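Following: one structure in structure tokens, then a few remarks.
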Ligand code: NAP
């Protein structure tokens, strides 16, 4: 994206202090947007905001409706209506069906699906009246296909895709598009956490556990957060108005 293409735009990125969200927030700020980054850990957000011009920290827990409503309305009061909403916050943990108790299921769904719903609804409260807007959700390859031992995560990410597709129909012709990014395994803290979990459960070494994830990407390597950000960047760029309701796979090959 060109340096000043998003001048005057307000973007909000959940989970914007780390990993994929931070890479997207930096790319949008690099194109001139003012970017509100949210998450539960204020110190992580502050550090990110201090390192990059145009990023603004705001604490928000996507599982808490009141927190989402108050944080987004405060961001709107500071920087105006949200032009670009990036619902990225999420957690990933694999468990087979028998070990998926309701508490675990709810934790995954509340963060990944309820969180995306609440974020988008509160951003749309200001965006719906604008002539132009972008909603981008970070789903996953798990939003498109099933994989072993991930029923709750996969259901939550399929849900995110359903939400995006339905909203793209609801707001058709109003200048606002809704799309989902569907990455394969990306080199972030989630990979580190999963490496530890796989090692603990299977007795594999860290290297072997990491290779299990690398092997899932058809091109045989982890994806960089900046590669996901590059896809997030063309959705608000000129010429993207007709891309709507799509699942953009960033997985290194066909899935
Ligand atoms: P990450 O660095 O762990 O990012 C997750 C972000 O979500 C963190 O900034 C975290 O901030 C935030 N978050 C988690 N729970 C939250 C809550 N309840 N309220 C507010 N914020 C919350 O990992 P990542 O890989 O960049 O993940 C970003 C998204 O990409 C997730 O939706 C994930 O499912 C998706 N994804 C990742 C991969 C991958 O391989 N890494 C692949 C496909 C899709 P706090 O902890 O400070 O709240």
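Of the residues making up region 155-186, those that are without any contact (Cβ under 8 Å) to a residue 24 or more places away in the chain, away from the ligand (no atom under 16 Å from the Cβ) and closer than 21 Å to residue 110 by Cα number 1.
Conditions (1) in contact (Cβ under 8 Å) with a residue 24 or more places away in the chain; (2) over 14 Å from the mean Cα position of the chain (by Cα), marked per residue:
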residue	(1), (2)
188	yes, no
192	no, yes
197	yes, yes
200	no, yes
212	no, yes
233	yes, no
238	yes, yes
249	yes, no
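Exactly one residue among 196, 177 is within 24 Å of residue 101 (Cα to Cα) and outside any loop (DSSP other than H, G, I, E, B), and that residue is 196.
Scoring residue 37 on the criteria (1) near the ligand (Cβ under 9 Å from one of its atoms); (2) over 27 Å from residue 237 (Cα atoms) leaves a single failure, condition (2). Under the condition of being near the ligand (Cβ under 10 Å from one of its atoms) and within 21 Å of residue 139 (Cβ to Cβ), which residue from region 48-85 is surrounded by the most Cβ atoms within 10 Å (Cβ to Cβ)? Filtering first and then ranking leaves 60. Could you go through region 6-24 and let me know if any residue there is surrounded by fewer than 16 Cβ atoms within 10 Å (Cβ to Cβ) and within 17 Å of residue 83 (Cα to Cα). Yes - at least one qualifying residue is present in region 6-24.
Which residues, counting only those in region 118-142, are within 12 Å of residue 164 (Cα to Cα) and out of contact with any strand residue (DSSP E or B) (no Cβ under 8 Å at 6 or more places or on another chain)? 121, the sole residue that qualifies. When each of 147, 139 is tested for being within 13 Å of the ligand (Cβ to nearest atom) and within 21 Å of residue 18 (Cα to Cα), the lone residue that passes is 139. I'd like to check something: does region 5-26 contain any residue that is on the phi < 0 side of the Ramachandran plot, away from the ligand (no atom under 14 Å from the Cβ), at pLDDT below 95 and touching a helix residue (DSSP H, G or I) at 6+ places or on another chain (Cβ under 7 Å)? No, every residue in region 5-26 fails to be on the phi < 0 side of the Ramachandran plot, away from the ligand (no atom under 14 Å from the Cβ), at pLDDT below 95 and touching a helix residue (DSSP H, G or I) at 6+ places or on another chain (Cβ under 7 Å).
The values are calculated or read from the model by the stated rules, or taken from the named source; none is laboratory data. This one's a predicted model, so the numbers in the text were calculated from it and none came from an experiment. In this analysis, Cβ positions are derived from the backbone assuming ideal geometry, glycine residues included, and neighbour counts consider all displayed protein chains.
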